[in-house]
1. Taking the conditions exactly as written (surrounded by 10 or more Cβ atoms within 10 Å (Cβ to Cβ) and free of Cβ contacts under 8 Å to residues at least 24 places away in the same chain), does residue 54 satisfy them or not?
2. Among helices (runs of 4 or more DSSP H) lying entirely in the chain, which contain 3 or more residues that are at pLDDT 95 or above?
């Protein structure tokens, strides 16, 4: 079976407005279900590809700070 996960995820959110996209992201983060991680990854990939170098740097700094605050003990 040839399953293109990326294509399936994009198909599921295609045509969503900002409120619907936010609801999808919030739901995935709040539920914390492992099965939602690939979808968040695809959405992040889309953001990353469209981001300027300054926006990428800001995301990296935010991620670094978040990782420092949430270190696994």
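The values are calculated or read from the model by the stated rules, or taken from the named source; none is laboratory data. Keep in mind that this is a model prediction, so the values were computed, not measured. So basically every Cβ, Gly included, is an ideal-geometry build from the backbone, and we count neighbours across all protein chains shown.
1. Judged against the criteria, residue 54 is not a match.
2. The helices (runs of 4 or more DSSP H) meeting that bar are 18-31, 37-50, 53-69.
Listed here are the residues, each with its yes/no results for (1) surrounded by 11 or more Cβ atoms within 10 Å (Cβ to Cβ); (2) within 9 Å of the chain's Cα centre (by Cα).
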residue	(1), (2)
6	yes, no
10	yes, no
18	no, no
30	no, no
38	yes, yes
41	yes, yes
48	yes, no
